[in-house]
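Participant: Submitted below is the structure of interest, expressed as structure tokens.
Derivation of every value follows stated rules applied to the coordinates shown; laboratory data play no part. These numbers come from a predicted model, not from an experiment. Counting neighbours? That spans all protein chains shown, and the Cβs are built from the backbone with ideal geometry, glycine included.
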Protein chains: 2
Amino acid sequence: MTKTALALLNRPSLAAPPHREGAEPFVLVDSGQPHVRVLDLGVTRGDGVFETISIGAGRPQALRAHLVRFARSAAALELSEPDLDAWEAAVRAAAAAIDPVPEAFVKTILTRGVEGEGRPTGWAYAAPADDFTAARRDGIRVVLLDRGYRHDVAQTSPWLLQGAKTLSYAVNRAVLREARRRDADDVVFVSSDGYLLEGSTSSLLLRVGDRLVTPGVDLGILAGTTQGDIFAFAAQRGLATEYALLRPEDLQAADGAWLVSSVRHAAPIRRVDGVDRPVDSEFTSALNSYLVSRTE
Amino acid sequence: MTKTALALLNRPSLAAPPHREGAEPFVLVDSGQPHVRVLDLGVTRGDGVFETISIGAGRPQALRAHLVRFARSAAALELSEPDLDAWEAAVRAAAAAIDPVPEAFVKTILTRGVEGEGRPTGWAYAAPADDFTAARRDGIRVVLLDRGYRHDVAQTSPWLLQGAKTLSYAVNRAVLREARRRDADDVVFVSSDGYLLEGSTSSLLLRVGDRLVTPGVDLGILAGTTQGDIFAFAAQRGLATEYALLRPEDLQAADGAWLVSSVRHAAPIRRVDGVDRPVDSEFTSALNSYLVSRTE
């Protein structure tokens, strides 16, 4: 019984080709043992990037979209360009090495490596997913929390790394503690000038009539892979899709609202700052049926 | 020849007493070997805190002030309260285990530990300091960079963890790359509403006539241990000291300006955004003589 699996990437495969031949670009190791040195900038400075990829019935979902975003985050941090073929092989190997379960995930991590060595560190970790049945069916309670930045900060101040999926996520954890204190499950970040942004590790999706709406990625938020798939799904069903500047009153007035992400999938928002709002059970169910059964 | 040393804290000593008896609260290990697991929230989320303590001629400097701030950062992240006596013993042991050098440092790190285990991880790492002679004598070039937050964000939005010394320092590293692109060595952060804040890992200090001035810690910045010691030193020399709201024009007009920190000590600012400014060599030299020779 193998519940988790860890693929450590070899040094040469952490940067883009010149292509290796022959040997695997990673080695499968025991995830319970320590593999990270205390001088790794991933742990001393949160200086690295990550992705979390859902595995449905053994198949990675939206894998290439995740890997492309992984490379984009690495570029934002000026890390060397990852060899995405090597990473794809590592993700598949880690996913295949755990016992079959309906839903699992693989987390990929690329750090700047041990300080002074100038070589990145990378691994892919696979494990079964938690059970999100209740969140998907009954919904979640959110609070709106200030992210502190203006909506245009990614344009004015790119060194703040907004829109990159970095290992510096202490704030994303702190807001969940604040949410719990306020009797909620998650947050929707709001810019300092009052625009809706995203969840702590998810995208915000609204349904307004027969239109799906999400905040634009020029707001310094992540380009959601799950949100992207949902927009493609919506187009097939004849729903319009739109990226827009949204205000808290748009969330209040929406016919449906969700936080969507790779592993929890579509969690309908049933309460905002203590005020109940309707859940669109039928569309939620359709969304999650689609998301759970996605192939690549 | 031992250039570096690593003291891993034992689990029971990572939280405040009930006091252990007998055994050391840490174990000295080989810092070149991996000691961190890939599920440690320190590396997956930058979810932890740190301090860097200078060691002058074998003696930790401002040790208690660092440890008190360490505990304050831990409290901001709702980590369990560290047993400061155990940490002090670990810092001293790591510092004593390296070959004698005039200047060294010890870095202490406390993380939330491996996800799901509910127990923190902690270590103290000692190594010789880099040679900062040139920065202390000739000065550094800085650029002013937007931090994105208003000056009052620590009061309005405490979940943003401003003022805590966390492992989520990817932005503090990114701004140094931006500084290098602009032909500079370091940055002075400015709030989105135009107030001077601090360096990437240092405090800003200005001399205006016979008065030393620094931004107040209610601006979501770190309470500088070195800045605190300098204020005490200044008081002995009959200089007034003040915490104030400062604007970029105050830096421009100041008689002296420094970024001060635990290991580099007082680095005079000799250029701001490409414009040279005078360096007060005499006072700089007095400051660094004091800082280098501090006992606890």
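Participant: Hey, could you get me the Stokes-Einstein D for the stretch B:5-128, Kirkwood radius over alpha-carbon pairs, 20 °C and 1.002 mPa s, rounded to whole µm² s⁻¹?
Facilitator: Estimated diffusion coefficient is 148 µm²/s.
Participant: Starting from 0 in steps of 10 Å, tell me what percent of the Cα-Cα pairs of chain A lands in each bin.
Facilitator: Whole-percent P(r) values from 0 Å outward: 6, 27, 34, 24, 8, 1.
Participant: Still on this structure, I have one more. Return one number: the angle in degrees, 0 to 90 and rounded to the nearest 10, between the long axis of the Cα atoms of helix B:225-236 and the longest principal axis of the Cα atoms of chain B.
Facilitator: 50
Participant: I've got another one for you. With +1 on each Lys and Arg Cβ and -1 on each Asp and Glu Cβ, and nothing else charged, work out how big the dipole of the protein assembly as shown is about its Cα centre, in Debye to the nearest 20.
Facilitator: Charge dipole, the protein assembly as shown, about its Cα centre: 280 debye, nearest 20.
Participant: Taking the alpha-carbon distance from B:K3 and a cut-off under 23 Å, which lysines remain once sequence neighbours fewer than 8 residues away in the same chain are dropped?
Facilitator: Counting by Cα, and skipping residues close in sequence, B:K3 has these lysines nearby: B:K107.
Participant: Remind me, relative contact order of the stretch B:1-128 in percent, using alpha carbon pairs under 8 angstrom and six or more residues apart?
Facilitator: It comes to 38 percent, rounded to a whole number.
Participant: On to the next question. Exactly which trypsin sites (Lys or Arg not before Pro) in the stretch A:205-292 are in a DSSP loop and have at most 16 other Cβ atoms within 10 Å?
Facilitator: A:R237
Participant: Classify the stretch A:185-296 as rounded, prolate or oblate from the Cα gyration tensor: take a ≥ b ≥ c as the square roots of its eigenvalues, call it rounded if a/c is under 1.5, otherwise prolate when a/b beats b/c and oblate if not.
Facilitator: Verdict is rounded for the stretch A:185-296.
Participant: Now for a separate question. Using a Debye calculation, one point per C-alpha and no hydration shell, please list log10 I(q)/I(0) for the protein assembly as shown at q = 0.05, 0.07 Å⁻¹ in order.
Facilitator: For the protein assembly as shown at q = 0.05, 0.07 Å⁻¹, log10 I(q)/I(0) is -0.22, -0.44.
Participant: Calculate the length of the line joining the C-alpha centroid of the stretch B:126-164 to that of the stretch A:25-74, in whole Å.
Facilitator: 29
Participant: Another question about this same structure. Please work out whether the stretch B:45-191 counts as rounded, prolate or oblate from its C-alpha gyration tensor, where a ≥ b ≥ c are the square roots of the eigenvalues and a/c under 1.5 means rounded, while otherwise a/b larger than b/c means prolate and anything else oblate?
Facilitator: Oblate, because a/c is 1.5 or more while a/b does not exceed b/c.
Participant: On C-alpha positions alone, give me the angle between the axis of helix B:281-293 and the longest principal axis of chain B, in degrees, nearest 10.
Facilitator: Its long axis makes an angle of about 10 degrees.
Participant: Measure nothing fancy, just the Cα-based angle from helix B:170-181's long axis to the longest principal axis of chain B, in degrees from 0 to 90, nearest 10.
Facilitator: 40
Participant: Run the dipole for the stretch A:5-128 about the Cα centre, Lys and Arg Cβ at +1, Asp and Glu Cβ at -1, nothing else charged, and hand back the magnitude in debye, nearest 20.
Facilitator: 180
Participant: Say a label goes 7 Å from Cα toward Cβ at B:V101 in every copy; what distances in nm does this one have to the rest, shortest first?
Facilitator: Inter-copy label distances (nm, one decimal, shortest first): 4.5.
Participant: While we're on this one: If each label sits 7 angstrom from Cα along the C-beta direction, how far apart, in nm, is B:D138 from its counterparts in the other copies?
Facilitator: Distances between equivalent label points, in nm: 6.6.
Participant: State, to one decimal in nm and shortest first, how far the label point of B:T295 sits from each corresponding label point in the other identical copies (label point: 7 angstrom along Cα-to-Cβ).
Facilitator: Distances between equivalent label points, in nm: 7.5.
Participant: Also: Relative contact order, percent, of chain B when contacts are C-alpha pairs under 8 Å separated by at least 6 residues?
Facilitator: 20
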